[in-house]
There are 4 protein chains.
Amino acid sequence: MKQTSVADDVLRAALGLFAAQGYANTSVQQVVEQAGVTKGAMYHYFQSKDDLLFAIYDRMLTLQTDHLDAIVARGEPIEVTLRAVCVDVIETSIDFLLEGTVFFRSVHMLSQPRQQEVTRRRRAYHDTFAGLVEKGQAEGLYRTDVPRGVLVAHFFADVHYLPTWFSPEGPETKEQVAAQLTELFLTGIAAGPGRG
Amino acid sequence: MKQTSVADDVLRAALGLFAAQGYANTSVQQVVEQAGVTKGAMYHYFQSKDDLLFAIYDRMLTLQTDHLDAIVARGEPIEVTLRAVCVDVIETSIDFLLEGTVFFRSVHMLSQPRQQEVTRRRRAYHDTFAGLVEKGQAEGLYRTDVPRGVLVAHFFADVHYLPTWFSPEGPETKEQVAAQLTELFLTGIAAGPGRG
Amino acid sequence: MKQTSVADDVLRAALGLFAAQGYANTSVQQVVEQAGVTKGAMYHYFQSKDDLLFAIYDRMLTLQTDHLDAIVARGEPIEVTLRAVCVDVIETSIDFLLEGTVFFRSVHMLSQPRQQEVTRRRRAYHDTFAGLVEKGQAEGLYRTDVPRGVLVAHFFADVHYLPTWFSPEGPETKEQVAAQLTELFLTGIAAGPGRG
Amino acid sequence: MKQTSVADDVLRAALGLFAAQGYANTSVQQVVEQAGVTKGAMYHYFQSKDDLLFAIYDRMLTLQTDHLDAIVARGEPIEVTLRAVCVDVIETSIDFLLEGTVFFRSVHMLSQPRQQEVTRRRRAYHDTFAGLVEKGQAEGLYRTDVPRGVLVAHFFADVHYLPTWFSPEGPETKEQVAAQLTELFLTGIAAGPGRG
DNA sequence: AATGAATGAGGATTCATTCAT
DNA sequence: GATGAATGAATCCTCATTCAT
């Protein structure tokens, strides 16, 4: 009943190996062995090792962008929207913990055009997020004594860092961590006396 | 007693190349060419390519640990100490921006023993930092409704993320960013009504 | 009874690609894509890539041999026959310029048996031509102070070289070049004082 | 006492194999085995398989161009010069029979830049040759009723064709063939009644 | 007749490291 | 201390061909 077993198997194997030993340290041979397919079959579905890396990113980026659009489309008040966005990125980043591990280590190994494509899509996400913060500042919700770029970086830092420390076997659940980090971030950026 | 030894030239070249194109994408040949030395000369000072990577980390880790010890040794009140520590790690991380770029991307490429050595030293830093937070919580300075591990991760996330976004050519200076991120972090973790 | 069969499309595509980039540099995949058919369809009509090459030669060799036989069969005087033969090979070689390009570069890529088959047929043509020269020499038309093999080679050299330099877009027409090269050749081999 | 045994051995092996089985049908593995060196050693002296091909051409083109310049520099009468040039190209082409075999079959396998370099140098030779013919025509030595391009092609055809038919074991010596082909060519292009 | 996924052997190239000089 | 030629294992990728459908 599987649609395309080969491509899926290869991608799953690649994800596991790239996360465990790094992209550069993983040979195509290892990937196909782990996936139980032949090299030829793999190259029937993917044009290069590079493609595997990109496909891994693609799934994650697409899903997160879709979520972001959906949340913004609900048209709720800024503070509700921003909180929902924060919680969602953190939760999906935990869902894609392996992808994240691979992502942040190995984007620079992508071919130049692909790297630009990835950067473009990440920037789009980033800009939408920054737009929400800007609107919130205009409404007096968030502080303006710190440059917006720093506020935004302060949030994505948490997302970026997740694969480094979070473990599903750890004491906190995905939902708890999402709520906690979001709380820390929003408290930090809240407007208040002497914060513009 | 030479100002510019072969080893220094090689390390500088390696740092630049590793940061620009990645450790795995940089050949020893490229490093020695950039450094203006021969392969034989390099292998006289370094046992392996691995050694170059480790040496890069080593300088940064040693310096940051020394700073941490010095600040703690001053024996100032917790809130003063923690703030100083935060500012210092951020500032030195900016001083070592290239090192950081290489570090976070390529630790996993080190040989197993070396990786453990690096992890051990980073954990030591991390534990000292967590100890400061714990003391502050005991004094009622920092919130306790969020697990300490999450508070600490929330800070190191900022440090970790710096090489990704900060640019010396950007609008903010190193000192400003250090102050701003520290402020966001400390505001986020501050104790308050309903925060334990 | 179809005008444009799969086989024809494939051969046309193969001819163009082989001429443009070489036989070895052209993949079967490229051929079928260019022809607008699938690999399976191609392998239904041709047993191997080798077959494509041979089919290209085959058309040209068959046609030239048929022409030769027809001209000889007319039973005209030697000098008329030889001139007609020369003009015809040159003209048909220009008609089959792409075939010639491929031919002279890639015969050695054919399977051994096929290579022999091609050689056999070329030699047959060559021998008939040499026979005409021999008869002409017996009649005192052509010089005998140069070995007959050299005289014959001197002619086929011109034919062989056509794909290298002749262009339909060039200043001379096919008919002109055929007449001119024939003239140069026949003048060169003509009997005369001190030429046996 | 050998200067660089490795490079020479490799080149010699490559020449033999390329001539016998074709460039595309010869693997780098075969070349190094035949040369008795390791693959790594070969790649220390040549950047690519392509390089081997180019080096083979290079030797031949350089030598022939040098000869041409030397002969022209003697400043003898046109008819003496042209005859000497013809004889020389034919003789050196026989000396480099294997190189020629490889050359004419495989130029199109070179990388684009290298192909242009080869073409440039061949054209230079060709142009000098055409210049000699032009001068001879001006002096009334050579016919003008046939376009100069065709006259020149008629000569290079012979050179081009040599590797296809000439054999050192054949009945004629290099010197004989050179004299005979030159004679056929010069007779063919000589001025005369009704030839402009 | 036709499809196109899958095979599997082979190919060119890279590169960290060694070692005789 | 320093050289750079040589090693040899590993890597990514290509491709003609087959075969179940």
Taking the stretch B:25-49 and keeping residues of a type outside the set (V, I, T), more than 9 Å from DNA strand F (Cβ to nearest atom) and open to solvent by less than 60 Å² (accessible area, probe 1.4 Å) leaves B:S27, B:A35, B:F46, B:S48, B:K49
Exactly one of D:E172, D:E134 is charged (D, E, K, R), closer than 15 Å to D:E79 by Cα and modelled with pLDDT of 95 or more, and that one is D:E134
Is it the case that some residue within the stretch A:56-76 is within 14 Å of chain C (Cβ to nearest Cβ) and either open to solvent by less than 60 Å² (accessible area, probe 1.4 Å) or within 16 Å of DNA strand E (Cβ to nearest atom) (or both)? no
Taking the stretch D:77-89 and the residues there that are more than 16 Å from the chain's Cα centre (by Cα) and in a helix (DSSP H, G or I), the one that is surrounded by the most Cβ atoms within 10 Å (Cβ to Cβ) would be D:L82
Reported set for the stretch C:95-141 where residues are open to solvent by less than 70 Å² (accessible area, probe 1.4 Å), farther than 22 Å from D:F166 by Cα and not in a helix (DSSP H, G or I) is C:F96, C:S111, C:G140, C:L141
Exercise for review: Answer yes or no as to whether C:P193 is surrounded by fewer than 19 Cβ atoms within 10 Å (Cβ to Cβ) and at the interface with chain D (Cβ under 8 Å from one of its Cβ atoms).
Suggested key: no
Do we find that D:Y23 is within 19 Å of C:S106 (Cβ to Cβ) and modelled with pLDDT under 95 in this structure? no
Condition set within 12 Å of DNA strand F (Cβ to nearest atom) and buried (at least 19 other Cβ atoms within 10 Å of the Cβ), scope the stretch D:8-24, selection nearest to the other protein chains (Cβ to nearest Cβ): answer is D:V10
- Query: Does D:G149 meet the test of being free of Cβ contacts under 8 Å to residues at least 24 places away in the same chain, within 29 Å of C:S167 (Cα to Cα) and touching a Pro at 6+ places or on another chain (Cβ under 8 Å)?
  - Reply: yes
When restricted to B:D145, B:D88, B:D127, B:D69, the only residue more than 27 Å from A:V107 (Cα to Cα), in contact with a His (Cβ under 8 Å, 6 or more places away or on another chain) and not small (G, A, S) is B:D88
Within the stretch D:163-185, of all residues that are under 20 Å from D:T128 (Cβ atoms) and within 8 Å of chain C (Cβ to nearest Cβ), the one surrounded by the most Cβ atoms within 10 Å (Cβ to Cβ) is D:L181
- Message: Please verify whether D:Q116 is over 21 Å from C:S106 (Cβ atoms) and more than 9 Å from chain C (Cβ to nearest Cβ), treating the condition exactly as stated.
- Response: yes
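The values are calculated or read from the model by the stated rules, or taken from the named source; none is laboratory data. Because the structure is predicted, anything quoted here is derived from the model rather than measured. In this analysis, Cβ positions are derived from the backbone assuming ideal geometry, glycine residues included, and neighbour counts consider all displayed protein chains. Side chains are part of the model used for accessible areas, which takes the heavy atoms of the whole protein and leaves out ligands, DNA and RNA. Shrake-Rupley method; radii C 1.70, N 1.55, O 1.52, S 1.80 Å.
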